[in-house]
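Just below is one structure, and these are the notes that go with it.
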């Protein structure tokens with residue numbers, strides 16, 4: 001029996017339910033338009049097939065979470081990354097090559113390209129950005145380094161490091177703030193917050209309400225939620241084990257140079273009994 005009232009957007013089912021269905025594409029358009037303020041405003045989107053084979057004879061392929069085209073023929077890849085992936089930036093660059101290659105034309109072609117946007121909604125923080133807690137949205141284009149100016153504006157990457165979003169409901173001031181709040185807190189809410197009274201959020205909350213799902217949809221969501229929780233638990237366990245190993249190595253090094261056990265306890269957080277065992281093993 002599900003306790004939550006609303007679907008978790010970080011499950012495959014939840015993400016596709018909110019953003020990947022034709023009847024709900026206005027939700028995706030509004031989200032992207034608020035993310036792309038200063039870039040452009042999308043009037044309409046068409047969902048495209050999300051599986052793409054490499055044009056090279058490698059057997060490799062890319063499966064996008066969402067792949068869309070706007071009224072100007074510009075392409076949008078929207079990816080949800082539930083757990084840390086060491087080479088996610090590399091992956092997003094690789095994925096962006098597919099909509100570029102697709103634009104190639106036979107015969108006499110002048111190489112003019114439509115813009116490609118790759119958006120990554122991340123449930124983790126890049127290691128290289130952990131010391132920038134306030135910088136949660138990264139917008140990247142090809143730039144001229146010495147001039148610090150945009151060199152090519154048709155290739156855009158946007159990364160959202162969701163764990164960095166810490167604003168409360170009372171602190172929401174912009175529309176993108178509200179979208180990020182929904183993405184992060186939707187399964188924890190029991191109703192639509194007062195700060196989210198816009199019509200678009202009224203639709204989102206109705207769409208996300210689990211009680212409105214058919215029996216088939218509910219089962220699909222439960223399966224997707226179980227997979228998501230198992231994945232997160234596996235990653236959390238691996239991280240905990242990694243930290244424990246690191247503490248053990250530090251304790252061993254301190255023991256080797258004669259540091260008192262009480263100091264090692266305070267330094268590493270290991271118990272006195274654990275350190276006594278390590279001492280016997282040396």
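None of the figures in this text is laboratory data; all of them are computed from the coordinates on show. As the structure is a computational prediction, the values presented were derived from the model and not from experiment. Quick reminder, even Gly has a Cβ in these numbers, built from the backbone with ideal geometry, and neighbours come from all protein chains shown.
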With 10 angstrom as the radius, rank 42, 264 by how many other C-beta atoms surround their C-beta, starting from the fewest. 42, 264
Classify the stretch 170-282 as rounded, prolate or oblate, taking a ≥ b ≥ c as the square roots of the eigenvalues of its Cα gyration tensor: rounded when a/c is under 1.5, otherwise prolate if a/b is larger than b/c and oblate if not. prolate
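By the gyration tensor of its Cα atoms, with a ≥ b ≥ c the square roots of the eigenvalues, what is the shape of the stretch 1-89: rounded for a/c under 1.5, prolate for a/b over b/c, or oblate?
In terms of gyration-tensor shape, oblate.
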Counting DSSP beta bridges with both ends in the stretch 1-147, the antiparallel % (nearest 5): 60 percent
Can you give me the Rg/Rh ratio for the stretch 112-169, using Cα atoms for both radii and the Kirkwood formula for Rh? 1.06
Packing-based ranking, highest mean first, of 69-78, 89-98 given that Cβ atoms within 10 Å are counted: 69-78, 89-98
Would you mind pulling out the separation of the Cα centroids of the stretch 190-221 and the stretch 94-141, in Å? 30 Å
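How much length would be gained if the chain were fully extended between residue 266 and residue 132, taking 0.36 nm per residue of separation minus their Cα-Cα distance, in nm to one decimal?
Extra length available between residue 266 and residue 132 comes to 45.4 nm.
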In whole percents, the bins of 5 Å from zero upward hold the Cα-Cα pairs of the stretch 201-256 as 4, 16, 12, 12, 12, 9, 9, 7, 6, 6, 5, 3, 1
Which of the three applies to the stretch 94-205, rounded, prolate or oblate, going by the alpha-carbon gyration tensor with a ≥ b ≥ c and a/c under 1.5 meaning rounded? prolate
List 52, 138 from most exposed to least, where exposure is judged by having the fewest other Cβ atoms within 10 Å. 138, 52
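Need one number for the chain: average projected area of the convex hull over its C-alpha atoms, nm².
22.5 nm²
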Where does helix 25-35 land angle-wise versus the long Cα axis of the chain, in degrees 0 to 90, nearest 10? 70 degrees
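Grab the Cα-Cα distance for residue 106 and residue 169, subtract it from 0.36 nm times how many residues apart they are, and report the gain in nm with one decimal. Kindly include the intermediate steps, with their values, before the conclusion.
Details: separation 63, 0.36 × 63 = 22.68 nm, distance 5.27 nm.
Working it through step by step, the gained length comes to 17.4 nm.
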For a footprinting-style exposure proxy, rank 151, 165, 64 by other Cβ within 10 Å, fewest first. 151, 165, 64
Dividing the helical contributions, -39500 (n - 2.57) per DSSP H run of n ≥ 4, by the residues of the chain yields a 222 nm value, nearest 500 deg cm²/dmol, of -13000 deg cm²/dmol
